[in-house]
Amino acid sequence: MSRDPRYDILFEPVRIGPVTARNRFYQVPHCNGMGWRDPSALAAMRGMKAEGGWAVVCTEMTEIHPTADVTPYVELRLWSDDDIPMHRRITEKIHEHNSLAGIELCHSGYTAVNLWSREIPFAPSAMPAASYFNDPVQARAMDKQDIRNLRRAHTAAALRSRAAGYDLVYVYAGHGLGIFQHFLSRATNFRADEYGGSLENRARLLREVIEETKEAVGDRCAVPVRIAMNEFLGADGLEPAEVEDAIAMMAEMPDLWDLSLSSWAKDSQTSRFSEEGFQEPYIKGVKKLTTKPVVGVGRYTSPDTMVRVIKQGIMDMIGAARPSIADPFLPKKIEEGRLDDIRECIGCNVCVTGDYTMSPIRCTQNPSMGEEWRRGWHPEKIRQAEGARKILVVGAGPSGLEAARALGQRGYEVTVAEAASEAGGRVARECKLPGLAAWGRVRDWRMLQINKLPNVSLYLESQMTEGTIAEFEADHVVIATGSSWRRDGIARHHSRPIQIDPAADVLTPDDIMDGRRPKNKSIVIFDDDHYYMGGVIAELLRKEDCDVTLVTPSYLVSSFTKASLEQSAIQTSLLKLGVEIVANTAVQEISADHVDLSCVFTGNIQKRGSSSLVLVTSRYPKDELFHSFAIKTSSTTRIGDCYSPGTIAAAVHSGRKFAEDFGAPPKDFLEMPYRREVTRLS
Ligand code: ADP
Ligand code: SF4
């Protein structure tokens, strides 16, 4: 197949200062939780994007100096020449596939707490350091010598970047994380000297650094500027009109403008809160200010939309972080006319949780993300089957579908038996909940791939039992039967069942997804799960006009979603909908006519009148079939939620892992399950 001529425009080369990108696909800098700790894994991941056709592939934010130390987060470092070989490995991997390598140099100012280096953070003006834990650290105001030193450090890092082989060297003023934004914004710059006050003064440092970076490396490297178009603080911070004025002042100085929103949570909005192209209103005014290429993001996965934004003059290159994570081969698939093979990002931000938990990046749609080097997984390829084997997969949820797809790709004869009348398991159910429609893509992409494989057959409405599995006479049986929500209240707060009066009306998320509704209009949701489900059910029931109280032992609603950048949006939207939030509290006892709530600190009890309850606590693996059948044969494996309930991303990964490992010599428990990079002693 070849590319549809409608998409030719996406494959035009773009000149960026002294370098030329071979097409308009631009992987903007994005974090990945690997950084300086896992450089070979990071290099392989970036190389994969280049192999998949992204003309520009950038690093994440890279600390330029020990005063820019963002510990505990693991980003790249370029503090001294010692860091250059690590970066050279990255640029080599990107260059192997003729893509341009970009580096996002970063000084994080007051958002670098310097826990590792123990340097005192600095900022345009004295202020508390911004950090996840609200560390008791303050940033000091920079004097003129500090400003000169910062400029010198940036130039030194730019020269090291060039020596490491980068083709684009960023000046970063985005996401509230780059110090040049801190100078530019009246929210963080209260200086009275020539670096503060008027916009011209606040932009002075950014202008100086662009000039100096160009002077240092501009002969060979392009110098893009990444800038935040809006801080969402109203007139107290940066707004598009003022940022446009700043861009107009410096319009032709950088080689490219890379536009984003601030904070990161506003920039990487999830599909629950925004659509593809959500940044267009903020960035559409920039192209008329400059002749330099403009890059923007907005979770673009549709080539028609990409063509539209280029033809409408909103941007010159399609910037992407998440779409390139979910499908590193997105450009190649458009080029080869294989649009239905595109694995579209679902906008869940599980990728971001890797960075927030300082662990290698993971992706719900692309289980090979972060596994390219350590497990040798490829997003598009898998080794061929070792001999002919007949495999039965029981359950067509995300784990079963991914296992069947990948085993089918290997060439095995695979049959999937699913009890329900539609495939997708929990994804098919959860994507009907408010805001989660895009999650259906996890099923849709896999079903499409399975339908293309003649050696994989899927049967719906096929409830399997010990007997029917045995009759099937498979060489291997994969049990992917999922999980169900507990009804007894056991999760993190309660290790023993809550006392529940049999006359009380108590439901679980499964009941809600099955269409059952509480009997009372007044509902207490007890969320001891802390991910999205409690908040989503609160939204659903509130929109159905119930009086909803969400009780959580945590101090925040859906507290894990801090790591997916959604927590603030979730709590804000629930409060605006009129959901009552009772934090630091647990459901203690459920009677027919009242509920006892207890404070997690004092144990003080508060009684609530007649309510229905929804318990969003933890899940049981549905593993009865595994246990009954596995007794008869050792050729049975359980995967996904049936093995241990977790995220959809974990279920997909589990399916892929089974398919990758199948047929390979078994590894002893004491053997390393994958490659890791161990620092040699110096
Ligand atoms: P996972 O996240 O591990 O993929 P899910 O809960 O999403 O798990 O999917 C499990 C699927 O298995 C569901 O679609 C369910 O209908 C199906 N299933 C459960 N038990 C059986 C069974 N005995 N026979 C066939 N399908 C089953
Ligand atoms: Fe998209 Fe979710 Fe994958 Fe991130 S983890 S790239 S948001 S599908």
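Things to note:
- The angle between the Cα long axis of helix 240-249 and the main principal axis of the chain comes to about 40°, on a 0 to 90 degree scale.
- Angle between the chain longest axis and helix 441-451 axis [Cα atoms, degrees, rounded to 10]: 70
- Fraction of the pair-distance distribution of the chain above 38 Å, Cα-Cα pairs, percent: 40
- Other residues lying with their Cβ under 13 Å from the Cβ of ALA235 contribute a combined charge of -3, Lys and Arg counting +1, Asp and Glu -1.
- For the stretch 457-505, the spread of Cα coordinates along the three principal axes comes to 45, 24, 19 Å, biggest extent given first.
- Loop-located GluC sites (Glu not before Pro) in the stretch 40-110 (DSSP state other than H, G, I, E, B) with a sparse environment of at most 12 neighbouring Cβ atoms within 10 Å: GLU96.
- Principal-axis tilt of helix 533-543 within the chain, Cα atoms, nearest 10 degrees: 80
- Of the beta bridges in the chain, as assigned by DSSP with both residues counted there, near 20 percent are antiparallel.
- Mean-position separation - Cα centroids, the stretch 144-161 and the stretch 416-467, in angstrom: 54
- For the stretch 101-182, diffusion coefficient by Stokes-Einstein and Kirkwood Rh (Cα), 10 °C, 1.306 mPa s, µm²/s: 118
- Net charge of neighbours whose Cβ lies under 10 Å from the Cβ of GLY35, counting Lys and Arg as +1 and Asp and Glu as -1: -3
- P(r) tail fraction, the stretch 576-622 - alpha-carbon pairs more than 12 Å apart, %: 69
- FRET efficiency for GLN463 and CYS599, using Cβ-Cβ distance with R0 set to 45 Å, rounded to 0.05: 0.50
- Qualifying trypsin sites (Lys or Arg not before Pro) for the stretch 447-521 [loop in DSSP, other Cβ within 10 Å: at most 15]: LYS452, ARG492, ARG516, LYS519, LYS521
- Rg and Dmax of the stretch 216-269, based on Cα coordinates, read 12.9, 39 Å.
- Note on GLU92 and ARG15: with the Förster distance fixed at 30 Å, the Cβ-Cβ geometry gives a FRET efficiency of about 0.80.
- With neighbours defined as other Cβ atoms within 10 Å of a residue's Cβ, the residues PHE626, PHE25, PHE662 order from fewest to most as PHE662, PHE626, PHE25.
- Counting DSSP beta bridges with both ends in the stretch 5-356, the antiparallel % (nearest 5): 15
- Where labels lie 7 Å past Cα in the beta-carbon direction, separation of ASP4 and GLU544 in nm: 3.9
- Loop-located trypsin sites (Lys or Arg not before Pro) across the stretch 545-636 with a Cβ neighbour count of 12 or fewer within 10 Å are LYS632, with loop assigned by DSSP.
- Radius 12 Å from Cβ of GLU244, net charge of other residues (Lys, Arg +1; Asp, Glu -1): 0
- Listed peptides 125-135, 107-117, 364-374 by packing density, highest first (mean Cβ within 10 Å): 364-374, 107-117, 125-135
- Computed Rg/Rh of the stretch 368-420, alpha carbon atoms with Kirkwood Rh: 1.02
- Divided by 2.2 N^0.38 Å, where N counts the residues, the Cα radius of gyration of the stretch 486-619 comes to 0.95.
Quick note: the coordinates plus some simple rules give every number you see, no bench work behind them. Here the structure is a predicted model, which means the values were calculated and not measured. All Cβ positions, glycine included, derive from the backbone under ideal geometry; neighbour counts span all protein chains shown.
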